[in-house]
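Nothing in this text is a laboratory measurement; each read-out follows from the coordinates by a stated rule. All figures in this text were calculated on a predicted structure; none of them were measured in a lab. Please note: Cβ atoms are built from the backbone with ideal geometry, for glycine as well, and neighbour counts cover all protein chains shown.
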């Protein structure tokens, strides 16, 4: 079977520090896959490597059947890989509407996609002309997810979507991700382990820049001896 | 009490409608010039974080290129309409040539240095300035045009309607100032629409805030950099062509140095990289310049160097009270 995204024995560096030490994983069409592990084991770098924001020094990243290693990030994004990054990365000086417009890849259909985003996130409609920098964290997370939605992406790389949000807002974000997951595959980095297991079909456990364990999420709990060893 | 008498005199002087009108038109014309000479600099810094020290010499090249078109074809374009039409041809030519030059400069010279500290870009663009100035000097000497003094032949191509002072309701209005104001407003509006109403402008505003995020959304930020650098240099050249007709500036090699300092003042006062700030700062500096020029070079007090001093006082005041500039956001332009 053809994987949508496949990382094969990927080694990635920041300067001289070796972050990914032979990471391999894949995401299939329609799947939601969680990437879990302690802080600093290379989860965010894995997403950045997939997008070629931090290209691998060796190993390959295959997307939709093509080797994209070393390509330009905007080309990979155009091919249908979306990013919902940590800290949401709003264009704070742009309005909510403009933030979403930037993410629309088909210039002919900007309005259609904008309507789609506001249908999916009705709350954003009333903020559409407000600067994104002035929104609350939860609202910004919705804008970030909306940007992923309107890009017509087949795969969304989602980094710490619940970080810094109040519990009731986290539930909204989780619902939004479930909705988005009906159209696209998700590779999800999430510290909140129960939430990650709830959203995902499968998970990879990372440690020291490598995948050390992989399984389906069914019946998995953080009390599992094997898993707890890598999370605490 | 001579100072007191002077003060009263000064207030009375500015109550004269003729003087008020003169200050208003001077102020608007100078504002147009300041906004235009700073626009290219602020666009380039805003998106790319590159301080283009070649800005001044590119203005001078624009002035000479514009002058060249005017002088070459002036004989076949006579009358007010002909000359103004020719001037528009000249600015289109200048814009096209300098946009292409700026784009090529970005791809070949600036791009390899993005990952280096800003000092490298400053040294590079400063070096480009030295090269461009000497090349310009060689070309001018070859064609027997005095490089160090104003190019009067180019100024002589001004049509009559722009050269003279018109009588409007008994007030003297200089044709050149009206022309500068109209062109300044048109170009400011053009840049504004480009930035706020076009898809490319949206990419530029997004990319200037977070280039990495814009790329991850599918925006070709490299291409946007090339376009912005090209358009920024093109506008800079058009500003030079406008100055070519103004005897206070005129086409000369020194124009580069004359332009660079006030352009930086306007950009810094407005807030590095914000076009809105540059427009507001240009208007502010223009009016302070016009007001102090009237005050210190009319017969009240004779101190011809003071207007320039006041422009720099605005800069000092801004840096002390609001270092990020009037509309600046801290850390805009960083990568």
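With no solvent and one equal point scatterer placed on each C-alpha of the stretch B:2-321, evaluate the Debye formula and give log10 I(q)/I(0) for q = 0.06, 0.08, 0.12, 0.16 Å⁻¹, two decimals. Per q value, in the given order, log10 I(q)/I(0) is -0.22, -0.38, -0.84, -1.37.
Please pull out the direction-averaged projected area of the protein assembly as shown, using the convex hull of its alpha-carbon atoms, in nm² to one decimal place.
Numbers: hull surface 129.9 nm².
Reported value for the Cα convex hull: 32.5 nm².
Listed by Cβ neighbour count within 10 Å, with the fewest neighbours leading, B:78, B:163, A:17 appear as A:17, B:78, B:163.
Counting other C-beta atoms within 10 Å, which of B:98, B:65, B:132 has the fewest, and how do the rest follow? If you can, show how the numbers build up before the last one.
Numbers: B:98 28, B:65 22, B:132 19.
Taking fewest neighbouring Cβ atoms as first place, the list is B:132, B:65, B:98.
For the pair residue B:322 and residue B:138, label points projected 7 Å from Cα toward Cβ lie 4.6 nm apart. For the pair residue A:21 and residue B:247, label points projected 7 Å from Cα toward Cβ lie 7.8 nm apart. Dividing the helix sum by the residues of chain A, where each DSSP H run of 4 or more adds -39500 (n - 2.57), gives a mean residue ellipticity at 222 nm of -9500 deg cm²/dmol.
Applying 1/(1 + (r/R0)^6) with R0 = 56 Å to the Cβ-Cβ distance of residue B:149 and residue A:79, what FRET efficiency is obtained, to the nearest 0.05?
On the way: r = 59 Å, r/R0 = 1.05.
Efficiency, rounded to the nearest 0.05: 0.45.
Stretching residue A:108 away from residue A:163 to a fully extended chain increases their span by 16.3 nm, per 0.36 nm per residue minus the current alpha-carbon distance. Considering helices alone, the calculated mean residue ellipticity of chain B at 222 nm is -24500 deg cm²/dmol, with DSSP H runs of length four and up weighted by -39500 (n - 2.57) and normalised per residue.
Counting only DSSP beta bridges with both residues in the protein assembly as shown, what percent are antiparallel, rounded to the nearest 5?
Values: 26 of 43 bridges.
Around 60 percent of the beta bridges assigned by DSSP in the protein assembly as shown are antiparallel ones.
For chain A, what relative contact order do you get, as a whole percent, if you take Cα pairs closer than 8 Å and at least 6 residues apart? Display every interim value, and only then the final one.
Values: 465 pairs, mean separation 66.1, N = 232.
It comes to 28 percent, rounded to a whole number.
For the stretch B:182-229 and the stretch B:47-92, what is the separation of their Cα centres, given in Å? Using only Cα atoms, the two centres lie 24 Å from each other. Note on B:204-212: average number of Cβ atoms from other chains within 10 Å of each residue's Cβ is 4.
By how many nm would the segment from residue B:11 to residue B:166 grow when fully extended, if each residue of separation counts as 0.36 nm and the alpha-carbon distance is taken off?
Numbers: separation 155, 0.36 × 155 = 55.80 nm, distance 2.60 nm.
Difference between extended and current length: 53.2 nm.
Which whole number gives the average, over all residues in B:192-201, of C-beta atoms from other chains lying within 10 Å of the residue C-beta?
On the way: counts 0, 0, 0, 0, 1, 0, 0, 5, 1, 0.
Other-chain Cβ atoms within 10 Å of each residue's Cβ, averaged: 1.
Taking only C-alpha pairs under 8 Å that are 6+ residues apart, what is the relative contact order of the stretch B:2-321 in percent?
On the way: 485 pairs, mean separation 121.6, N = 320.
Reported relative contact order: 38 percent.
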